[in-house]
1. Treating the beta-carbon of each Lys and Arg as +1 and of each Asp and Glu as -1, no other charges, what is the dipole magnitude of the chain about its Cα centre, to the nearest 20 debye?
2. Under Stokes-Einstein, with the Kirkwood radius over Cα pairs standing in for Rh, what whole-number D in µm²/s applies to the chain at 10 °C and 1.306 mPa s?
3. Would you calculate, for the chain, the mean residue ellipticity at 222 nm contributed by helices, counting each DSSP H stretch of 4 or more residues as -39,500 (n - 2.57) and dividing by all residues, to the nearest 500?
4. Roughly how many Å is it from the Cα centre of the stretch 19-85 to that of the stretch 160-223, as a whole number?
5. Need the full-extension length gain, THR290 to GLN195, defined as separation in residues times 0.36 nm minus the C-alpha distance. One decimal, nm.
6. Compute a Gaussian network model of the chain, connecting alpha carbons closer than 10 Å, and tell me which residue from GLN195, GLN254, GLN209 fluctuates the most.
7. If you stretched the chain out fully between ARG136 and ALA205, how much longer would it get, using 0.36 nm times the residue separation minus the C-alpha to C-alpha distance?
8. What percentages, rounded to whole numbers, describe P(r) for the stretch 1-155 computed over all alpha carbon pairs with 5 Å bin width beginning at zero?
Amino acid sequence: MKFVLTADQRDFAGSLESLLAASDTVAVARAWADGDTAPGLALWGRLAEQGLPMLATEATPVEVCLAMELLGRHVVPGPYVESCAYLPTALAAEVEGVATVAAPPVTPYALDAGAADAVYAVVDGTLRTAVAGEVRRSVDATRHLHVVEPGETVDAPGDLDAAHDLAVLATAAQLLGAGERVLADTVAYVKQRRQFGREIGSYQALKHQLADVRIALDFARPMVMGAAVGEVPAGAAKVLAADAAYLASRTGLQLHGAIGYTAEFDLSLWLNRIRALVGAWGTPARHRATLLDGLVSGSLARELTREVGV
């Protein structure tokens, strides 16, 4: 299958890229990590004007993936997967303001509940209101994970399984964007860093490492877009995107040398974000197990057969 974005989709992505590129998202992320949510909420408002909260209900998963990839590329903090993917699908309606959700066992904590206007929790297959409680530490300082206390049941006419799948796919798209940014920054760095009288990027061994990352991301992208159009399971997209982004982060860290280990260097924001997103909305091991169960039972094989028309 040849996947090509429409003109409207390209224009939407270009407009969103321009907004984020002019928003100093690194400063926003660092402020959010320190507990200053004002810059992040101001950016949230501008992104809401671009229509992000309505993508899950008024557009398609393709537009959701385009937006989430750019959020990952620009390390934008906040519960966008929850507010713009999971909850609109679960509620079958656009979410007003900032909202987040805990959906155990895959997502036991509510991301950034302290900055949210509404907090939800999934209990025994039903969506409930919730109250934010104790904060748990994440490897990514921009992600504040809250224990929640469930409350009253919410009328949620949407499909919670579909909401979960879209959240998984949105997380995969964020990983793809973060991996692309790390690769781009690493390529730029090795072109200007000199060692023994020459740019380190001229060494063949480093070129091979970067080529491996490029190949991994290029294989993950069609899987993410394939899941967006319903051709493959969202879990498969998450597995490939997580593996590719994690390879990008490891390679980027190594090729940046000692500077890559410092929190003051901006690369650390993407490295920690990738590490956190690898486990968010289901670990690769969990999704692999689910995919294996589907193949063994035959249900996934039958679904894929119908999709490709065999």
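The values are calculated or read from the model by the stated rules, or taken from the named source; none is laboratory data. Quick caveat: nothing in here was measured; it's all calculated off a predicted structure. Quick reminder, even Gly has a Cβ in these numbers, built from the backbone with ideal geometry, and neighbours come from all protein chains shown. These accessible areas exclude ligands, DNA and RNA; they are computed on the full protein's heavy atoms, side chains included. Shrake-Rupley method; radii C 1.70, N 1.55, O 1.52, S 1.80 Å.
1. Its charge dipole is roughly 1580 debye.
2. Value of D from the Cα-based Kirkwood radius: 80 µm²/s.
3. -18500 deg cm²/dmol
4. Distance between centres, Cα-based: 21 Å.
5. 29.5 nm
6. Maximum fluctuation in the GNM of the chain, among the listed residues, is at GLN195.
7. 20.8 nm
8. The calculated distribution, bin by bin, is 2, 9, 18, 21, 20, 15, 9, 5, 1, 0.
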